[in-house]
Amino acid sequence: MSSDGSTDGGAIVLPFPPRRMHPLGLNVTERIQAMQWADAARPHGVSDMRIHEPEMGDDPAVGGFVLIYEKNDIWAAWGVAVRAGSFEVWRPSSGTTVGWYRTLREALAAVKDVA
């Protein structure tokens with residue numbers, strides 16, 4: 001509305017920030033998938049799985065990640081990092097990236113296909 005009370009037919013466009021393709025942490029469904037996968041993977045040598053979510057003060061470039069431990073290992077054997085639009089599987093012992101996957105299910109299958 002203009003100062004004289006008439007409308008000029010214009011509109012105000014509010015810019016919205018683009019939505020990330022994937023949040024930098026696991027959603028509830030993915031957390032459940034990860035826990036179910038870990039239970040199914042135990043007979044195949046997986047002893048533990050730990051989910052790390054981003055916390056206040058963390059580097060925003062580092063999102064959530066999952067560490068997977070195999071029996072008799074004191075350090076994580078596998079890592080799955082949440083990236084914008086994908087999941088990165090890597091080997092913590094060497095830092096070598098195994099690959100990028102569209103879904104958490106595909107990433108975990110690259111670690112151990114227990115489905």
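Within region 54-79, residues that are farther than 25 Å from LYS112 by Cβ reach partners that are surrounded by fewer than 10 Cβ atoms within 10 Å (Cβ to Cβ) with beta carbons closer than 8 Å, at six or more positions or on different chains, in the pairs PRO54/PRO60.
Scan region 31-64 residue by residue and report those that are in a loop (DSSP other than H, G, I, E, B) and surrounded by 13 or more Cβ atoms within 10 Å (Cβ to Cβ).
Pass one, region 31-64, residues in a loop (DSSP other than H, G, I, E, B): 45, 53-64.
Result: GLY45, GLU53, PRO54, ASP58, GLY63, GLY64.
Identify the single condition in (1) within 22 Å of MET35 (Cβ to Cβ); (2) outside any loop (DSSP other than H, G, I, E, B) that GLY99 does not satisfy, given that it satisfies every other one. Result: GLY99 passes all but (1). Screening the candidates LEU24, LEU67, LEU108, LEU104 for the property of being in contact with a Lys or Arg (Cβ under 6 Å, 6 or more places away or on another chain) and surrounded by 14 or more Cβ atoms within 10 Å (Cβ to Cβ) yields one hit, LEU67. In the set (1) over 18 Å from the mean Cα position of the chain (by Cα); (2) modelled with pLDDT of 95 or more, the condition left unmet by TRP78 is number (1). What are the residue pairs meeting all of these: first residue in region 87-115, first residue closer than 16 Å to ASP73 by Cβ, second residue exposed (fewer than 15 other Cβ atoms within 10 Å of the Cβ), Cβ atoms under 6 Å, and 6 or more apart or on different chains? Final answer for the pair search is TRP90/THR97; LYS112/HIS44. Could you list, ordered by first residue, the pairs with Cβ atoms under 7 Å in which the first is in region 26-43 and closer than 18 Å to ALA81 by Cα and in contact (Cβ under 8 Å) with a residue 40 or more places away in the chain and the second is in a helix (DSSP H, G or I) and basic (Lys, Arg), at least 6 apart or interchain? Sorted first by the residue in region 26-43, then by its partner, the pairs are GLN33/ARG105.
Can ASP113 be described as loosely packed, with under 14 Cβ neighbours inside 10 Å, on the phi < 0 side of the Ramachandran plot, of a type outside the set (S, T, N, Q) and not in a loop (DSSP other than H, G, I, E, B)? So ASP113 fails the test.
The values are calculated or read from the model by the stated rules, or taken from the named source; none is laboratory data. This structure is a prediction, so every number in the text was calculated from the model and none was measured. Glycine also receives a Cβ, built like all others from the backbone with ideal geometry; neighbour counts cover every protein chain displayed.
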